[in-house]
Amino acid sequence: MKTLVVYDISDDNLRLKVAETCKNHGLSRIQRSAFIGEIPSGRRKELVVALERLLRRRGPRDRVHVFVLCSSCYSMTRVIGSSVREERGEVVFV
């Protein structure tokens, strides 16, 4: 199943750590604050624990959403607008 992580974090350092954690757990950036990937449930549980640990120091409005998408639901996904690819750790719009 696909794992989608979307976050809104005000602190630059914490936001960077969340992004690195997502990458280190096998997810790919699809927007500045969104990552997706196909990872096993055990790896997803590790990701959630790591994110929970990081978010202990969060601001009052900081949050991370972790969505699990079955292949049927993911197949209905539509991207509207520019496609995005990651290049050397940066988001590049094409």
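The values are calculated or read from the model by the stated rules, or taken from the named source; none is laboratory data. Note that the coordinates shown come from a computational prediction; the quantities given were computed from them, not determined experimentally. A quick note on method: Cβ atoms are made from the backbone with ideal geometry, for glycine too, and the neighbour counts reach across all protein chains shown.
Among the residues of the stretch 51-67, those that are within 20 Å of ARG32 (Cβ to Cβ) and part of a helix (DSSP H, G or I) comprise LEU51, LEU54, LEU55.
Yes/no matrix, rows are residues, columns are (1) at pLDDT below 95; (2) in contact with a Lys or Arg (Cβ under 7 Å, 6 or more places away or on another chain); (3) under 21 Å from SER82 (Cβ atoms); (4) β-branched (Val, Ile, Thr):
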residue: VAL18; (1), (2), (3), (4): no, no, no, yes
residue: ARG32; (1), (2), (3), (4): yes, no, yes, no
residue: PHE35; (1), (2), (3), (4): no, yes, yes, no
residue: GLU38; (1), (2), (3), (4): no, yes, no, no
residue: GLY42; (1), (2), (3), (4): no, no, no, no
residue: GLU46; (1), (2), (3), (4): no, no, no, no
residue: LEU55; (1), (2), (3), (4): yes, no, no, no
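Restricting the stretch 68-82 to residues that are part of a loop (DSSP other than H, G, I, E, B) and among the hydroxyl-bearing types (Ser, Thr, Tyr), the residue that is surrounded by the most Cβ atoms within 10 Å (Cβ to Cβ) is THR77. Mind listing whichever residues of the stretch 33-48 are closer than 12 Å to VAL68 by Cα and either of a type in the set (Gly, Ala, Ser) or not in a strand (DSSP E or B) (or both)? Matches in the stretch 33-48: GLY37, ILE39, PRO40, SER41, ARG44, LYS45, VAL48.
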